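The values are calculated or read from the model by the stated rules, or taken from the named source; none is laboratory data. Given the structure is predicted, the values throughout are model-derived calculations rather than measurements. Cβ placement follows ideal geometry from the backbone for every residue including glycine, while neighbour counts extend to all protein chains displayed. The area values use the complete protein model at the heavy-atom level, side chains included, leaving out ligands, DNA and RNA. Shrake-Rupley method; radii C 1.70, N 1.55, O 1.52, S 1.80 Å.
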Amino acid sequence: MNTIKQGVNKFYIGDSPENVLAEIIYTPTSDNRLVIERTFVSDTLQGQGIGRKLVNKIIDLARRENKKISARCSYAHKMLLRCEDCQDLFVAEPDDQPDPFE
């Protein structure tokens, strides 16, 4: 069974925080945000919705701690943009501004 465990500034699946099959790493900031830095899912767990479950763990944590979320990780950023139920939590990173030349 793929139990998601909580580590220091991360959620993960694996034997230990150092030996993971999947993980999502975040950084708490002084302005009350959780910044998702990285999402990783090993080939053995691909296609099982693990990445989405990891993002959901960050969403749940942000709600419990009354924080906002932003993402430097492209996968998490896409998931947060698509999540209708978490738009109240999502804050774009400063470099996420629309490109006026696109």
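Ignoring ligands, DNA and RNA, please state the percent of accessible area on the chain from carbon and sulfur, probe 1.4 Å. Can you show the working numbers first?
Details: 3080 of 6360 Å².
Heavy-atom surface of the chain belonging to carbon and sulfur, 1.4 Å probe: 48 percent.
Just grab the label-to-label distance for GLU18 and LYS78, each label 7 Å out from Cα along the Cβ direction, in nm (one decimal).
Computed distance between label sites GLU18 and LYS78 equals 3.3 nm.
Tell me the Kirkwood hydrodynamic radius of segment 1-41 in angstroms, computed as one over the mean inverse distance between distinct C-alpha pairs.
Evaluated on segment 1-41, it is 10.6 Å.
Do any cysteines of the chain lack a neighbour Cys whose Cβ is under 4.7 Å away, and which are they?
By the Cβ distance rule, which asks for a partner under 4.7 Å, the isolated cysteines are CYS73.
I want to verify the translational diffusion coefficient of the chain in µm²/s; compute it with Stokes-Einstein, Rh as the Kirkwood radius over Cα pairs, at 37 °C and 0.692 mPa s.
On the way: Rh = 14.0 Å.
Rounded to a whole number, D works out at 234 µm²/s.
Relative to the present Cα-Cα distance, how much length would full extension add between ASN9 and ASN32 at 0.36 nm per residue of separation?
Contour length minus Cα-Cα distance gives 6.9 nm.
Give a residue-ordered list of calculated ³J(HN,Hα) values for segment 47-52 (Karplus: 6.51 cos²θ - 1.76 cosθ + 1.60, θ = phi - 60°; whole Hz; x for Gly, Pro).
Computed from phi, the couplings for segment 47-52 are x, 10, x, 5, x, 5 Hz.
Testing the spin-label approximation: label points 7 Å from Cα along Cα→Cβ at ASP43 and GLU65. State their distance in nm.
If labels sit at ASP43 and GLU65, their model points lie 3.4 nm apart.
Please express the shape of segment 18-71 as an equivalent ellipsoid: the semi-axes are the square roots of 5 times the eigenvalues of the C-alpha gyration tensor, given largest first in whole angstrom.
23, 11, 8
Please report the antiparallel percentage of DSSP beta bridges with both residues in the chain, rounded to the nearest 5.
75
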